[in-house]
1. Kindly indicate which of 145, 165, 124 is closer than 22 Å to residue 76 by Cα and either in contact (Cβ under 8 Å) with a residue 40 or more places away in the chain or not small (Gly, Ala, Ser) (or both).
2. Quick one: residue 150 ticks every box in (1) outside any strand (DSSP E or B); (2) among the hydroxyl-bearing types (Ser, Thr, Tyr); (3) over 23 Å from residue 75 (Cβ atoms) bar one, so which box is it?
3. Is it the case that segment 53-74 has a residue that's over 30 Å from residue 180 (Cβ atoms) and modelled with pLDDT under 75?
4. Could you tell me whether residue 97 is without any contact (Cβ under 8 Å) to a residue 60 or more places away in the chain, of a type in the set (Phe, Trp, Tyr) and assigned to a strand (DSSP E or B)?
5. Answer yes if at least one residue in segment 79-88 is within 13 Å of residue 163 (Cα to Cα), within 23 Å of the chain's Cα centre (by Cα), in a loop (DSSP other than H, G, I, E, B) and in the same structural domain as residue 171 (by TED's automatic domain parsing), and no otherwise.
6. In segment 168-178, what residues are surrounded by fewer than 19 Cβ atoms within 10 Å (Cβ to Cβ) and under 21 Å from the mean Cα position of the chain (by Cα)?
7. Given (1) surrounded by 11 or more Cβ atoms within 10 Å (Cβ to Cβ); (2) closer than 15 Å to residue 70 by Cβ, where does residue 192 come up short, assuming only one miss?
8. Modelled with pLDDT of 90 or more and polar (S, T, N, Q): which single residue out of 92, 134 fits that description?
Amino acid sequence: MRLLVKIKKLVVLALIISFIAVAFGVLARVFYQNIARQEKIDLQKAENFTNQANRLRDQNNINGSKIYRNEEWGFEFQYPENWEIEENSVQTVSSKFNLILAPKGEPYQPLSPILLNVVTPSFGDRTFQNLNKTVSEVNVGGVIGERYEYKLENAQRISILLPFGDLRMILGAGKAYEDAFNRVLETFKFLN
């Protein structure tokens with residue numbers, strides 16, 4: 001009789017252990033399925049976010065514009081599609097990188113329609129010192145700088161001086177090209 005009671009207890013114990021093992025297996029499977037489902041949802045959210053960001057970028061691309069992007073220097077902007085860009089056409093010790101933007105087919109002008117110039121701090125800081133100018137604060141791509149309006153060689157000019165890491169960035173344009181210049185400024189983004 002005692003042996004029968006012991007066997008019954010062992011069978012009950014074995015059934016309880018089996019039930020716990022099966023329950024643990026089921027819970028583990030449900031847990032891992034939920035993790036996989038959540039990862040799939042997170043991946044879908046990331047894809048949706050990326051698609052939405054790309055759609056917004058496309059919507060924000062002003063009609064009739066091209067995008068200039070420079071990964072090395074870390075910026076991008078839009079400019080009129082009937083304009084062209086020439087990189088590093090100004091060779092000076094103070095200029096580390098520069099762009100000239102001009103309408104296609106327009107003859108060369110000593111004062112380019114739009115200029116972007118990455119320069120040494122000393123050059124950037126002294127360039128506008130002795131000009132008769134109007135100065136205001138400006139925000140370009142989240143960076144605060146100074147906007148100068150002045151006359152140079154009988155031409156009205158607009159220039160913006162921005163801090164740019166250890167360097168300075170000058171964005172400038174002839175007043176006659178202010179609309180195109182404003183398009184560049186409104187869409188200017190620093191990538192870092």
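The values are calculated or read from the model by the stated rules, or taken from the named source; none is laboratory data. This one's a predicted model, so the numbers in the text were calculated from it and none came from an experiment. We place every Cβ from the backbone using ideal geometry, glycine too, and count neighbours over all the protein chains shown.
1. Going through 145, 165, 124 in turn, the sole match is 124.
2. (1)
3. Of all residues in segment 53-74, those over 30 Å from residue 180 (Cβ atoms) come to none.
No.
4. Details: without any contact (Cβ under 8 Å) to a residue 60 or more places away in the chain: yes; of a type in the set (Phe, Trp, Tyr): yes; assigned to a strand (DSSP E or B): yes.
Spelling it out, residue 97 is indeed without any contact (Cβ under 8 Å) to a residue 60 or more places away in the chain, of a type in the set (Phe, Trp, Tyr) and assigned to a strand (DSSP E or B).
5. No: segment 79-88 contains no residue that is within 13 Å of residue 163 (Cα to Cα), within 23 Å of the chain's Cα centre (by Cα), in a loop (DSSP other than H, G, I, E, B) and in the same structural domain as residue 171 (by TED's automatic domain parsing).
6. None; the set is empty.
7. (1)
8. 134
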